[in-house]
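Only one structure is covered here, and it is reproduced in the block below.
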Amino acid sequence: MSHPPPTSFRNPRTTTAWNNLSAAALHIKDITLRDVFAREPMRGHTYCAEGAGVALDYSKQRVTLEVLDDLMRLAVECDLDAHRTALFSGLKVNTTEHRAALHTALRAPIGSTIAIDGTDVVGDVQTARARMARIADAIRSDKWRGTTGRPIRNVVNIGIGGSDLGPAMADRALDSYVDQRLTRRFVANVDPGAMTRALRGLDPAETLIIVSSKTFTTHETMMNAAIARAWLVDGLGGTDTLARHMLAVSTNLPATSAFGIPDDNVIGFWDWVGGRYSMDSAIGLITMIAIGPTHFDELLAGFHAMDTHFYTAPFIENLPVLMGMIGIWNRNFLGAPTVCVAPYSDALRRFPAYLQQLTMESNGKHVRQDGTAVDYDTGSIYWGEPGTSAQHSFFQMLHQGTSIIPVDFIGVLTTPHPHQEMQTTLLANLIAQSRALAFGHTATELSHEGAPPDLVAHKQMDGNRPSSTLTIDALTPHALGALIALYEHTVFTQSVIWGINAFDQWGVELGKHLADDIEGAILGSQKPDQSYDTSTAALIARVRDVTVSPPAR
Ligand code: F6P
């Protein structure tokens, strides 16, 4: 049953600000970024904000001071302040599951108190973190031994969605902090090829499997976990094997126990941690093993620094509010359905994929909190790849395609690696791309430069394509935490304006149930449902032909 939200949601279309913004959008078409920079030459210094070590330059967004004013007013009219307080104070903001969404408590400093239904949760968070640290230290110092007495050299995380994407992204991002004696692998998909590759070349005697699943019922994860369990038992025999080689991170202790994982090897967390908000809970165990408890604490401190910034900074200086509201402007008023995220950092290669779940599972909703249909667009499509590689694949369309695609550029100013000259080239490209998108290349400029007349139209770039640039000094654990929390709160800000629940994900359920039915139909354990449409029935028959009675080779 859906419960009333602790704070009421206003339909944004009924606000004065929304009306003003609709009017402004009609005029903004005629104003280019060249114009606004000519009018406000200091934009590059004034349309900027900084928080928790992250700098945001939004001067190349198609916003004027009036538009910004109305975006901030919209946030006020939609009572963002009260909703933010409800989120941070543990009220049940996830109304369809009647739960708090208290990921901020996962990084609250020792000594703070945050209560759900009158009970403090920070103490439990710290206790779980201390257990994680003991396990991580034991593995990193070779005190944790496998059944043959050998130390652990490989850690495999089995999990999907929020139980995979965050740890997998962080593993790459924080590579320079990782204990390189440890091989880390991540397996999410139920595809047999994924599991084969994850275990390939690993010796079970030196391998620890972590089964990460909030529910411990997710089909893909449970199948992969069963295969890994068999791999361990086949390789090492039965006695003590799971106690030494398998851990679980879950909220479902009866299920982990039924699976055969001893209770001492299970680290729990809580239903108020959403899957896509869980990488700083015990789901981050593989991260902590890889980078060590001290660096993991720094990661959490980065999250917390951004939480504090979001909670305390005035809206106009507040990074998540600015990014969230500019996102609303682009989505609802300028008609841009997608956001391209381009980190100019190979270490952030998995960041766009991580953001896809965070943003799209949170804000891809078609009804408001009260169940009524929205009459405006919600969640943007997030996608992207690291630059400069992306420049050589899809950037052509960003520059000259017929759709406007706003970009979030992410730059890391320094590198821990040798060859500083490459880092300079990388960053020069980032800046060049944001400049080219904003200001384009006019026909007049091309002619002056001597472009062949018949090529001018082809080479001409209109510009006026919006982007923001985020920069951090270095990709430290602290900076990564701040960057992730920035997007978490950006998502939340937008969900408040759109009046939707950012913390449930009912849309993924139907596919799961249908897959169970269809699997039964393929395997013949279930009579094929006569009501299947002809396409579904034919596809089932095709798979059934090769799966149930494979052709002779
Ligand atoms: O199917 C979507 C989802 O529920 C995500 O929200 C979640 O991150 C993922 O599946 C994995 O769930 P679990 O951690 O319970 O296995």
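Remark: pairs (first residue in region 362-385, within 15 Å of Val491 (Cβ to Cβ); second residue assigned to a loop (DSSP other than H, G, I, E, B) and among the charged types (D, E, K, R); Cβ separation under 8 Å; 6+ apart in sequence or on different chains) = Thr378/Lys365; Gly379/Lys365. Only a single item in (1) open to solvent by 50 Å² or more (accessible area, probe 1.4 Å); (2) within 30 Å of Tyr344 (Cα to Cα); (3) more than 16 Å from the ligand (Cβ to nearest atom); (4) not acidic (Asp, Glu) is not met by Thr196, and it is number (2).
Given the structure, is Val491 within 16 Å of the ligand (Cβ to nearest atom), at pLDDT below 95 and β-branched (Val, Ile, Thr)? Against the criterion (within 16 Å of the ligand (Cβ to nearest atom), at pLDDT below 95 and β-branched (Val, Ile, Thr)), Val491 does not qualify. Look at Thr241 and say whether it is more than 29 Å from the chain's Cα centre (by Cα) and among the β-branched types (Val, Ile, Thr). Here the answer is yes, as Thr241 does meet what is asked. If the condition is being touching a residue at least 40 places away in the same chain (Cβ under 8 Å), part of a helix (DSSP H, G or I) and hydroxyl-bearing (Ser, Thr, Tyr), then region 412-444 contributes only Ser434. Within region 165-179, being open to solvent by 10 Å² or more (accessible area, probe 1.4 Å) and within 11 Å of the ligand (Cβ to nearest atom) holds for one residue alone: Leu165. For region 455-504, filtering for residues that are among the hydrophobic types (A, V, I, L, M, F, W, C), assigned to a loop (DSSP other than H, G, I, E, B) and under 21 Å from Gln423 (Cα atoms) leaves 2. Within region 326-377, the residues that satisfy the criterion of being among the hydroxyl-bearing types (Ser, Thr, Tyr) and either within 16 Å of the ligand (Cβ to nearest atom) or surrounded by fewer than 21 Cβ atoms within 10 Å (Cβ to Cβ) (or both) are Thr338, Tyr354, Thr359, Ser362, Thr372, Tyr376. As a summary of the residue check, Arg62 satisfies the conditions (1) surrounded by 20 or more Cβ atoms within 10 Å (Cβ to Cβ); (2) more than 28 Å from the chain's Cα centre (by Cα) except for the one numbered (2). Of the residues that make up region 123-145, is at least one within 16 Å of the ligand (Cβ to nearest atom), touching a residue at least 12 places away in the same chain (Cβ under 8 Å) and open to solvent by less than 10 Å² (accessible area, probe 1.4 Å)? For region 123-145, residues within 16 Å of the ligand (Cβ to nearest atom), touching a residue at least 12 places away in the same chain (Cβ under 8 Å) and open to solvent by less than 10 Å² (accessible area, probe 1.4 Å): absent. Restricting the first member to region 230-259 and to residues that are open to solvent by less than 10 Å² (accessible area, probe 1.4 Å), and the second to residues that are among the acidic types (Asp, Glu), the beta-carbon pairs closer than 8 Å and six or more apart or on different chains are Thr256/Asp263.
Among the conditions (1) touching an Asp or Glu at 6+ places or on another chain (Cβ under 9 Å); (2) more than 11 Å from the ligand (Cβ to nearest atom), Glu298 misses just one, which is (1). When restricted to residues that are more than 17 Å from Asp124 (Cα to Cα) and within 12 Å of the ligand (Cβ to nearest atom), region 224-255 contains 4. For Val508, the conditions (1) surrounded by 24 or more Cβ atoms within 10 Å (Cβ to Cβ); (2) β-branched (Val, Ile, Thr); (3) within 16 Å of the ligand (Cβ to nearest atom) are fulfilled apart from (1).
Does Thr183 count as among the polar types (S, T, N, Q), within 12 Å of the ligand (Cβ to nearest atom) and either open to solvent by 40 Å² or more (accessible area, probe 1.4 Å) or in contact with a Leu (Cβ under 7 Å, 6 or more places away or on another chain) (or both)? It is false that Thr183 is among the polar types (S, T, N, Q), within 12 Å of the ligand (Cβ to nearest atom) and either open to solvent by 40 Å² or more (accessible area, probe 1.4 Å) or in contact with a Leu (Cβ under 7 Å, 6 or more places away or on another chain) (or both).
Counting the residues of region 199-221 that are surrounded by fewer than 18 Cβ atoms within 10 Å (Cβ to Cβ) and closer than 20 Å to Arg276 by Cα gives 3.
Candidates are the residues of region 505-550 that are in contact with a helix residue (DSSP H, G or I) (Cβ under 8 Å, 6 or more places away or on another chain) and outside any helix (DSSP H, G or I); the one that is modelled with the highest pLDDT is Gln505.
The values are calculated or read from the model by the stated rules, or taken from the named source; none is laboratory data. Small disclaimer: the values here were computed from a predicted structure and weren't measured. For neighbour counting, all protein chains shown are included, and Cβ atoms are generated from backbone atoms with ideal geometry for every residue, glycine included. Side chains included, ligands, DNA and RNA excluded: accessible areas come from the protein's heavy atoms. Shrake-Rupley method; radii C 1.70, N 1.55, O 1.52, S 1.80 Å.
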